[in-house]
Each structure stands twice: as C-alpha cells, then as structure tokens.
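*Asks:* One structure, as structure tokens, below. Some questions next.
The values are calculated or read from the model by the stated rules, or taken from the named source; none is laboratory data. Please read all numbers here as calculations on a predicted model, not as lab measurements. When we count neighbours, we look across all protein chains shown, and the Cβ atoms used for this are built from the backbone with ideal geometry, even at glycine.
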Ligand SMILES: [Mg+2]
Ligand SMILES: [Mg+2]
C-alpha cells in the first residue's frame, strides 16, 4: 500500500478517529509500545534504549468537514530488534494494547526486506500452481463441495467425480468440515487423488484437491506432512481461527510439499468497521501471502457476502504484485459467483486469478458437471475475446446458466 | 450470559443490524452453516441430515425508533456433531463465513456440558492461585515490569527485587517482550524464582512471576513445559495473537504445572464495534476461561484504555461465576490503576480479583517499592473496612500516591 523506506523498522499505518493532538498521540504510541518512557530517562539509559525506540514517521490529518470527528493517518516505525520474525509478535507489538485504545484501525504494515525474508511466502504461488495443473493462459476454475458434513465417502466421491468431470482445475472441501468420521481426510485423499490421476491420464490435466486441515494446533504441521506424504495435492486452512503462525509453520516446513488454500473464515470479525480492527487488504492480502498461502479466498464485490470493489482489488493486487522476496499468490474472489459474471470478473481482476464457485456450479439446471462446463466455456470464450452472447451461442450449458442467474 | 438448555447444540447469539426479515435470515444461517440446503433435499437425504441441521432457537426484534436501522438478536443452535472440541472449529462454524455477511456481531456462545468438559478450563483458578500464594482474604496485587525490552538481566533483576519488596503477590513481564537476548526467559526464571524462594523463607509468602511465553506456535507447548520444569511459577501468554487453541493445548498439558496469565493484546480488534466482531464478555470472559487461563487481564473501566463498566463487570462475572465443570479464573481489571482507585475497584468488582498496576506502582514519588506498599496498604485497609482517608493516615506511601494521582 505504501513503500517502506525504513530498513530497520516495521512501519504501521493507523487510521485514528478522535479529538486528539495527533502528533502527540503518535509520539505516545511510538514511545509507549517500545521503550515505555523517554523524556524522564537518564541520558545513559537513553543511549541504551535508542535502538529499541519507536519513531513517528508521518502524521497526516485527513480533510474533513468541521462537523465530523477529526481523523488522521499515523505512520509509526517499530524497531525490528524488538520483535520475533512472526505475526503474533508483530501484531502484539504494533496493535496489542493499542487495539483497545479508542477508535483506531490498523491499515497497513510494512516490513523491511530483512524481516520479509524470515517469512515463507507461498511455496508454489501462481506460477507453481499453473505448472502443477499445466494451464498457463486463463483463469483457473475451482469448485467447492456443496456440502461435506454428514456425507459418507461414497457420496462425496460421486460429488467429487461430478465436479472434476465438469473440467474444473481444483476442488476444495467446504471450510465447515471438521468431524469427518464418515469420510476421514486420509480416505478422501486416497479416493480423490486416485480419480485425479485417472483424469490426468485421460486428459493430460492434473486436478488439485484441497483437503481441509483441522484439529489441535499442536498437530497441524504433522497432519499437513502426513497428508502431503499420503499424496494430497493441496491443503485448505481456516487461517485466522487457527492463527497466522500456524500457516507460517506449515508453509515453512520442507516436508509439506503441497500448495495451501487460505480460507478467510472469521476475517469479517476484523475488517468491516471503519473505526476498529485491521484493514482487509492487510489481513487478507498481505498477511496471508507473507505467511505462505498459495491461494487466497476473499469476498468478491458481486455476491451477497460482498466486499467493496476497491478493497477486493487491493487485496488481489497485494497477492499478485511482483516482489523480489515472495512468490505471488492466487487471488480468488469468492461468494455469489455464477457463469454470467465471468467476463466482469476477468475485466476487473485480470486473468491471473482463480474463479471459485459453489452454488454457481452445483445449482446449474443440468447439475454439477454441466455447471462446471458452463464456467469453463465462458472462461475460454472470454479469454479468446468473445462476448458473453457469442459464448452462450456455442454452449448450451452456459446458456442455461445465464437463463437462471443472468449476467452482469 | 444466557442459559443453554440445548444439550446437543452450541447456541450462538448474534446481534444483527439491517433491513432483513430476521426470521428468514436466521433460518438461512441455521441451514447455510450446517447442511447447506434443506427445502430442495430429497426425503431420504433429509433424514440423513437431520442430526447435522442447525436450528433457530430465538429471534428477538429489538425495540428501536423508526428512524434507526432495524436490529435483532438471533439465537441459533449448531449440532455439536458438526464440530471438533476446539475453539477454531467452533468459531469457523458459527462465525466463519458469517462474519463477512453484513452487520453482524457474535455476542455469546453457549456450549453444552458434554462439550464444555472437552475444554481444560483453568488448572489452578482462583482457589489454586490463592493456595499457592497463601492469601485468602483480600484481592491479590500484581505488578508489571515497567519495561523489559533491551534491558540486561541484572537491571531486570534489580527491578524485580524492587517490585517484590513492595509486597506484591505477582509480577509479570510486559506483554511486549519478544526478543530477550539480553535476559533470556530461562535465566529470568532462574534469577527471579530464586528471589521468590528467599522471599518465601523470609516472609512465608510465595510470589509468582509470570514469564512471557513467545516463539513459533509449534514450540509453545514444549517451551511451557520447559519453563515449568525449570521452576517457573507462572506463564504469560498473548492469547489472541497466538490463537485460543494454543492456550487450550498448553493448559491441557499435564506437564505444564503452572498457572497462566492471559493478556488481552489484540482483542480490541474485535470487541469495540457495535456492528461487527465478538463481544468482549464472550472473547475475554468466556473463551479465555474455557481455554484454560487462570488469570485474565482486561481493560478496567477507569483508565485511559477504558472499557464500559457494564462490560468489564460482565467479563469479571463470566470469569468468576461458579460452574460445575471449570474452575473460576481471576478477573484482573487493568490499565490506569493507581492506589486511590482501590476502594472503587473493590466496591465494583469485589475482593476476589487481582489488582494490577504498572505506572501506578513504578511512578510512585518514592519509587517502585513504595508504590507496591501504597497499594498493599490501601488493599488491606479497604478489606478491613477503613476509608481511604483512614488508610492514608496510616501510610505515608499511600498518602504520596493519593497526592500524585488523586482518588475516585
Ligand atoms: Mg463454504
Ligand atoms: Mg504492558
């Protein structure tokens, strides 16, 4: 969002509302969250503390009508020598106590290269996943199981086949899938990856299956390794409920040889308020990529669970933008996606994304497989420059989908 | 907050703002977050899914003026068979996707006894900590290091002695203390616990030292065991940045034989908005106790980092209230506490609490040790029925503190 020119500091940008002397407020934060006090310290202690002292980098009062609550952006630098190279220590330092101190929202964090290199970033990233799947010239298509809870393996298997037969590139578990007694993860991996292999032999294209990683945090890295060893092609993680550091440790483990899909479950507890919490681009764009997500889901600007378009584009940009340290991650605008939206999605987000649908595939009038095909047809047509109308002329499945859900 | 009469369900209470048909909205949530769809399912699938289906328990429109946005409390039951017995799976189920769905705040969660028993709760709790310290008739007194970052062990040791000499019952690290290269945790434990032992030989009272537990989440349980084995008397954890499940696993580990102080760092990202996030009583009262915190800090209603009094009292009540499954945890209203506030704190919160101060101890005109004594004098006096004025007549240290900070 902003450029960090401070090589020994983590720079936090806050939006503060309130009747403050904003410069004084910024000074209090910079001192209070680092060395505690400053002016009263004896000179010798000051010298000892200088490397640990925070500093005010910018205070920008935001124009506002006189009847509004005053607001400002504060940029404060925190010495990296105060922190461990992990998200919990950074968040505690820059927004631990401070999160409870009035109307203040953490908008952005900039880490210097020396700290960025301590985070794994995506192991596969956009290029790696494209290579795995063997598709380089179009958005990928991901399908979500309509339902997972309570279904036995053979029923999930049937649903898996229906999805893969619709030409999707990836299939993921529903994020609400914890008790899988009827169809344990290792059995799903065995069954679905076997089908993926058959599919690859038939079509030459590899499909990835994102298996939901759940359980005690103390077991998640081991489980991820176990799944990877058992032939899983992709993992799904509800990152925020488990914690960013869990993603970090899984992504950094050399024995976890599969890409990771980050689900944004629970992130809505943080980002929607203009006064409190963390900005969506920081939370879902920056911290997910930093911690090692290869594929990141976030609310699309189109569906019922919607996010303002500018914010969603900002997330996508933070995930994709070239960076000398970390690979880029696949933006996956989700929720409320149906085939008639595809030209708009590609116009808005470009073609280096994953198009992700649940209801928009399973709810197709001719069923799940037709639903997948409708999506793939419109994706291919859009990429080759056809209009939606032209595409629908050549695809009965797409036509049906547009008749049901319309277009944008 | 409310009573759960549903023995097979986790009951979530949401505050929703918006122009909804609230009953329909509740139905959509109950179905959407459990089995996905209902009305269109064939009868045989319905029978299969009934144990997994959520249910609407109550929809309560809240009185409001006609020019306000309509709001309602929705209570929805989620079958426990859909979840693992851990906070990440519960939060993902009841507030994963839903957190991103408009103006909705998770106010409360009720777990049935069968699920509550799967959570550790405090290992020591109020009674256990009182037994360790040997003090049963008054609030305990905790002191926070004024500063930890950048100080060598011998300086921290001096500060530790100053605090203990002021008669405090517990001393805790600052929560912003990650890079402890100059004074590693194991060395602090060795030095401070040795002083605690001397102190106990002299006065008969044991002091607890809360050492900050930091590092990769994959190492925290091991580290907690290591600290416990090395003689630590208490642990400090920034619970939310690391994740509730980390606290759960530490508290549940039989080899971690020390109480845990939960710091509320980062919780302000969730609770202050009336429209989004989680309520403070749920987050800091219920989930902390459930996950195993023995001592829970939260913003007092008095200081600069303040919380509305009703909310703070609600947290205290949730931590203390008798419960056949879990021990009670020590409420510790924090921030901006000075000796002149003590009668008010005890009047508001009762005497089964910990009084916690940093600046209110170290900023005493005669220094840290006098600061501790001022607090202990006013605690003892208040408990024995004296007024603040009477107490100040008998304690020069208290008199100085009141002269500096006033009284409430
Ligand atoms: Mg889902
Ligand atoms: Mg502190």
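*Asks:* Do we find that residue B:341 is out of contact with any strand residue (DSSP E or B) (no Cβ under 8 Å at 6 or more places or on another chain) and crowded, with 24+ Cβ neighbours inside 10 Å in this structure?
*Replies:* yes
*Asks:* Hey, can you tell me all the residues within region A:39-79 that are surrounded by 20 or more Cβ atoms within 10 Å (Cβ to Cβ) and closer than 24 Å to residue A:288 by Cβ?
*Replies:* A:75, A:76, A:77, A:78 - these are the residues of region A:39-79 that are surrounded by 20 or more Cβ atoms within 10 Å (Cβ to Cβ) and closer than 24 Å to residue A:288 by Cβ.
*Asks:* Also, I was wondering about something else. Can you confirm whether residue B:24 is within 25 Å of residue A:334 (Cβ to Cβ), at pLDDT 95 or above and loosely packed, with under 14 Cβ neighbours inside 10 Å?
*Replies:* yes
*Asks:* With the structure loaded, tell me whether residue B:133 is away from ligand 1 (no atom under 16 Å from the Cβ) and more than 10 Å from chain A (Cβ to nearest Cβ) or whether it fails that test.
*Replies:* Spelling it out, residue B:133 is indeed away from ligand 1 (no atom under 16 Å from the Cβ) and more than 10 Å from chain A (Cβ to nearest Cβ).
*Asks:* Checking residue B:98 against (1) more than 25 Å from residue B:38 (Cβ to Cβ); (2) within 16 Å of ligand 1 (Cβ to nearest atom), which test does it fail?
*Replies:* Just one mismatch for residue B:98, condition (1).
*Asks:* Inspect region A:179-192 for any residue being more than 23 Å from residue B:78 (Cβ to Cβ) and within 16 Å of ligand 1 (Cβ to nearest atom) and give the result as yes or no.
*Replies:* Scanning region A:179-192 turns up no residue that is more than 23 Å from residue B:78 (Cβ to Cβ) and within 16 Å of ligand 1 (Cβ to nearest atom).
*Asks:* Checking the structure you have, find out if any residue of region A:217-226 is over 30 Å from residue A:280 (Cα atoms), more than 14 Å from chain B (Cβ to nearest Cβ) and more than 16 Å from ligand 1 (Cβ to nearest atom).
*Replies:* yes
*Asks:* Suppose the filter is more than 13 Å from chain A (Cβ to nearest Cβ), free of Cβ contacts under 8 Å to residues at least 12 places away in the same chain and either over 20 Å from residue B:318 (Cα atoms) or in contact with a helix residue (DSSP H, G or I) (Cβ under 6 Å, 6 or more places away or on another chain) (or both); does residue B:281 pass it?
*Replies:* Values: more than 13 Å from chain A (Cβ to nearest Cβ): yes; free of Cβ contacts under 8 Å to residues at least 12 places away in the same chain: no; either over 20 Å from residue B:318 (Cα atoms) or in contact with a helix residue (DSSP H, G or I) (Cβ under 6 Å, 6 or more places away or on another chain) (or both): yes.
No; evaluated as a whole, the condition is false for this residue.
*Asks:* Can you name every residue in region B:101-113 that is more than 10 Å from chain A (Cβ to nearest Cβ) and in contact with a helix residue (DSSP H, G or I) (Cβ under 7 Å, 6 or more places away or on another chain)?
*Replies:* B:107, B:108, B:109, B:112
*Asks:* Continuing with the same structure: Please report, ordered by residue number, the strands (runs of 3 or more DSSP E) entirely within region B:103-189 with at least 2 residues that are more than 16 Å from ligand 2 (Cβ to nearest atom) and surrounded by fewer than 23 Cβ atoms within 10 Å (Cβ to Cβ).
*Replies:* B:104-110
*Asks:* Looking at region B:394-408, can you tell me whether even one residue there is within 24 Å of residue B:281 (Cβ to Cβ), in a loop (DSSP other than H, G, I, E, B) and more than 24 Å from the chain's Cα centre (by Cα)?
*Replies:* Yes, because at least one residue in region B:394-408 is within 24 Å of residue B:281 (Cβ to Cβ), in a loop (DSSP other than H, G, I, E, B) and more than 24 Å from the chain's Cα centre (by Cα).
*Asks:* Another question, then. Give the residues of region B:231-264 that are over 20 Å from residue B:218 (Cβ atoms) and facing chain A (nearest Cβ under 10 Å), sorted by residue number.
*Replies:* B:263, B:264
*Asks:* While we're on this one: If residue B:327 satisfies every condition in (1) over 12 Å from the mean Cα position of the chain (by Cα); (2) within 27 Å of residue B:94 (Cα to Cα); (3) buried (at least 19 other Cβ atoms within 10 Å of the Cβ); (4) within 14 Å of chain A (Cβ to nearest Cβ) but one, which is the exception?
*Replies:* So residue B:327 meets the others, but not (4).
Matching residues to (1) without any contact (Cβ under 8 Å) to a residue 24 or more places away in the chain; (2) within 16 Å of ligand 2 (Cβ to nearest atom); (3) not in a strand (DSSP E or B):
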{"site": "A:56", "(1), (2), (3)": "no, no, no"}
{"site": "A:59", "(1), (2), (3)": "no, no, no"}
{"site": "A:64", "(1), (2), (3)": "yes, no, yes"}
{"site": "A:67", "(1), (2), (3)": "yes, no, yes"}
{"site": "A:74", "(1), (2), (3)": "no, no, no"}
{"site": "A:94", "(1), (2), (3)": "no, yes, yes"}
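*Asks:* I would also like to ask the following. Of everything in region A:37-54 that's in contact with a helix residue (DSSP H, G or I) (Cβ under 9 Å, 6 or more places away or on another chain) and in a loop (DSSP other than H, G, I, E, B), which residue is farthest from the other protein chains (Cβ to nearest Cβ)?
*Replies:* Within region A:37-54, the match that is farthest from the other protein chains (Cβ to nearest Cβ) is A:39.
Results for (1) surrounded by fewer than 24 Cβ atoms within 10 Å (Cβ to Cβ); (2) closer than 23 Å to residue B:225 by Cα; (3) in contact with a helix residue (DSSP H, G or I) (Cβ under 7 Å, 6 or more places away or on another chain), shown as yes or no for each residue.
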| residue | (1), (2), (3) |
| --- | --- |
| B:247 | no, yes, yes |
| B:250 | no, yes, yes |
| B:254 | yes, yes, no |
| B:260 | no, yes, yes |
| B:285 | no, no, yes |
| B:288 | no, yes, yes |
| B:293 | no, yes, yes |
| B:308 | yes, no, no |
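*Asks:* Give just the number: which of (1) over 26 Å from residue A:107 (Cα atoms); (2) within 14 Å of chain B (Cβ to nearest Cβ); (3) in a loop (DSSP other than H, G, I, E, B) does residue A:304 not satisfy?
*Replies:* Of the numbered conditions (1) over 26 Å from residue A:107 (Cα atoms); (2) within 14 Å of chain B (Cβ to nearest Cβ); (3) in a loop (DSSP other than H, G, I, E, B), the odd one out for residue A:304 is (1).
*Asks:* Looking only at region A:80-100, count how many residues are more than 7 Å from every other protein chain (Cβ to nearest Cβ), surrounded by fewer than 24 Cβ atoms within 10 Å (Cβ to Cβ) and under 19 Å from residue B:219 (Cα atoms).
*Replies:* Within region A:80-100, residues that are more than 7 Å from every other protein chain (Cβ to nearest Cβ), surrounded by fewer than 24 Cβ atoms within 10 Å (Cβ to Cβ) and under 19 Å from residue B:219 (Cα atoms) number 2.
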